[in-house]
Amino acid sequence: MTTGKTPKVSLGLPVYNGSDYLALTIESLLAQTWTDYELIISDNGSTDSTPDIIRHYADADKRIRTYRSDENLGAWRNLNKVFEEGRGEYFVFVSHDDLYEPDFLATAMETLDLDQDALGCYARTEVIDAGGEQIKIIENDEKFASESPSDRVAAAVFFAPAIIAFGIYRRAVLERTSLFEPYAGSDRTFAIELALAGRLVGLGGALFKYRRHDGQSYGSKYPTRRARIAWWDPSKADTRTYPTWRLVAEFSSRIRKAELPVAERIKCFSSVGHWALRRRRDLFRELIERQ
């Protein structure tokens with residue numbers, strides 16, 4: 001059900017078997033000092049206690065709206081689902097295992113109100129482990145705020161894609177992107193689309209905590225390329241794929257479609273070339289190995 005008032009911000013939380021960390025993430029969202037938001041939770045057919053956790057919080061807070069699929073349709077569909085259901089002027093993709101400082105939304109909204117030309121913002125990030133202990137700090141990349149598309153693309157190609165994907169953006173901007181697509185790593189393509197579209201502002205203060213643990217798509221729970229691909233899109237579980245080659249193709253496609261001066265386009269392609277060169281072993285391995 002929805003309330004009569006349209007919220008300023010929509011938080012979209014897709015989840016599949018996320019019982020280990022889901023409650024902590026929801027608590028960090030409910031503790032936000034900016035309260036004009038809705039929280040949309042979409043359960044992708046979880047088989048653990050995730051539905052019970054969702055029900056507990058939804059019963060207690062009317063800002064929470066919930067959806068559930070009877071089967072696991074893949075991470076990419078669930079990410080897009082929460083966006084489709086959002087009503088706010090701004091949107092945040094939320095991972096079920098990450099954490100936000102209480103003033104994340106307030107700081108982001110103040111920043112975007114002052115900088116109307118910015119498409120959105122992302123936060124200086126504290127990377128934490130399964131127990132919540134700090135691993136490292138990822139500083140913001142000032143190139144994202146550059147007026148030059150090639151600077152922004154250079155940043156997006158090499159920056160952690162999840163940090164950009166889980167920023168806060170004007171909904172109208174996200175509607176012009178492809179969002180998430182049915183191939184592993186499409187969060188990287190999403191980040192490049194945002195970089196091509198305009199400036200992204202970094203927030204200080206380590207307001208976002210990105211958790212690394214074995215249950216992630218690149219954790220020990222999904223040790224093979226095939227397993228990681230199936231996590232993203234179960235329909236591809238038995239299909240031979242070339243994920244790194246696919247990303248090179250998708251990056252290049254977005255650059256070709258963008259309206260860019262020739263010099264800027266060449267610089268963007270150069271960044272993609274450097275990224276591919278760093279992953280030449282993966283590119284070669286995908287050609288010769290069984291999956």
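Output the residues belonging to segment 76-96 that are aromatic (Phe, Trp, Tyr) and part of a helix (DSSP H, G or I).
If the condition is that a residue be aromatic (Phe, Trp, Tyr) and part of a helix (DSSP H, G or I), then Trp76, Phe83 are the ones that fit.
Among the residues of segment 116-134, what is the count of those that are in contact with a Phe, Trp or Tyr (Cβ under 9 Å, 6 or more places away or on another chain) and either within 22 Å of Leu105 (Cα to Cα) or in a strand (DSSP E or B) (or both)? Talk me through it step by step, then tell me what you get.
Taking segment 116-134 and keeping what is in contact with a Phe, Trp or Tyr (Cβ under 9 Å, 6 or more places away or on another chain), we get 119-128, 130.
Now restrict to residues that are either within 22 Å of Leu105 (Cα to Cα) or in a strand (DSSP E or B) (or both): 119-128.
Number of matching residues: 10.
Looking for whichever is in contact (Cβ under 8 Å) with a residue 24 or more places away in the chain, surrounded by 20 or more Cβ atoms within 10 Å (Cβ to Cβ) and assigned to a strand (DSSP E or B) here; the options are Gly18, Gly12. Which one fits?
Gly12
Out of Ser46, Ser28, I need the residue that is within 27 Å of Lys236 (Cα to Cα), in the same structural domain as Ala184 (by TED's automatic domain parsing) and of a type in the set (Ser, Thr, Tyr). Which one? Full working, then the answer.
Details: Ser28 fails: within 27 Å of Lys236 (Cα to Cα).
When all the criteria are applied, what remains is Ser46.
Please go through segment 112-149 and give me each residue that is polar (S, T, N, Q) and either free of Cβ contacts under 8 Å to residues at least 24 places away in the same chain or under 18 Å from Phe208 (Cβ atoms) (or both), ordered by number. Full working, then the answer.
Taking segment 112-149 first, the residues polar (S, T, N, Q) are 116, 125, 134, 140, 146, 148.
Residues satisfying the conditions are Gln116, Thr125, Gln134, Asn140.
When the residues of segment 97-115 are narrowed to those that are part of a loop (DSSP other than H, G, I, E, B) and within 20 Å of the chain's Cα centre (by Cα), which ends up farthest from Asp36 (Cα to Cα)?
First pass over segment 97-115, keeping only residues part of a loop (DSSP other than H, G, I, E, B): 97-98, 101-103, 115.
Pick out the ones that are also within 20 Å of the chain's Cα centre (by Cα) and you get 97-98, 101-103.
On the way: Asp97: 23, Asp98: 21, Glu101: 16, Pro102: 13, Asp103: 13 Å.
That would be Asp97.
The values are calculated or read from the model by the stated rules, or taken from the named source; none is laboratory data. The model shown is predicted, which means the values in this text are computed figures rather than measured ones. Every residue, glycine among them, receives a Cβ derived from its backbone with ideal geometry; neighbour counts consider all protein chains shown.
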